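A short write-up of the structure that comes next.
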Amino acid sequence: MTDVDRTQDDANKKVVTAFYVQAHFDGDVDGAIARHVGATYTQHTPAAEDGVEGLRAYINGFLASFPHAKGEIRRVIADGDIVAVHAHWTGLSGPHGDVTVDIFRVHDGKLVEHWDVAAPIPAESKNGNTMF
């Protein structure tokens, strides 16, 4: 990996982290979208409509449905234009919290595509390891 690649990965991680915190944790959905989302936005989350307005509606619906949800980013991983956020949430579906992985594609410093997976954290683990 070159220094240029590392610099681009870091820049992409910063924009994704800023968006994630501002939209999900701070509740500044409109501001986060205006600052960090591209003009076109491809959504792969089945519960959300495609496009920027679909993103806005989805996050606002999430915040309204889970007003006591709290999230903590555990790690952010970048590989070129793809950035993954691994997060721990409480106040969603699982009594022990939930783990999410949001994957974004960044183009010209803006989020343009998104995938995600989420799962409740079980009470016990057969291997003794956490999900983080």
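The values are calculated or read from the model by the stated rules, or taken from the named source; none is laboratory data. Fair warning: this is a prediction, and the values are worked out from it, not measured in the lab. Glycine gets a Cβ as well: all are built from the backbone with ideal geometry, and neighbour counts include every protein chain shown. Protein only, heavy atoms only, side chains kept; ligands, DNA and RNA dropped before computing areas. Shrake-Rupley method; radii C 1.70, N 1.55, O 1.52, S 1.80 Å.
List of remarks:
- Take the chain with all the other protein chains still there, run a 1.4 Å probe, and you get 57 Å² of accessible area per residue.
- Just the protein heavy atoms count here, and of the accessible area of the chain at 1.4 Å, carbon and sulfur take up 54 percent.
- Simple label model, 7 Å out from Cα along Cβ direction - Asn60 to Arg74, nm: 3.2 nm
- Compactness of the chain as Cα Rg over 2.2 N^0.38 Å, two decimals: 1.07
- Within straight-line reach of Lys13, meaning a Cα separation under 29 Å, sit the following lysines at least 8 residues removed in sequence or on another chain: Lys70, Lys110.
- Computed from the C-beta positions of Arg6 and Thr45 and an R0 of 35 Å, the FRET efficiency is 0.75 to the nearest 0.05.
- Value of Rg/Rh across region 49-105 [Cα atoms, Kirkwood radius]: 1.02
- Using alpha carbons only, the radius of gyration of region 91-132 set against its Kirkwood radius gives Rg/Rh = 1.16.
- Its convex hull of Cα atoms gives region 1-53 a direction-averaged projected area, equal to a quarter of the hull surface, of 4.6 nm².
- If the chain linking Val101 and Phe132 were pulled fully straight, counting 0.36 nm for each residue of separation and taking away their Cα-Cα distance, it would gain 10.1 nm.
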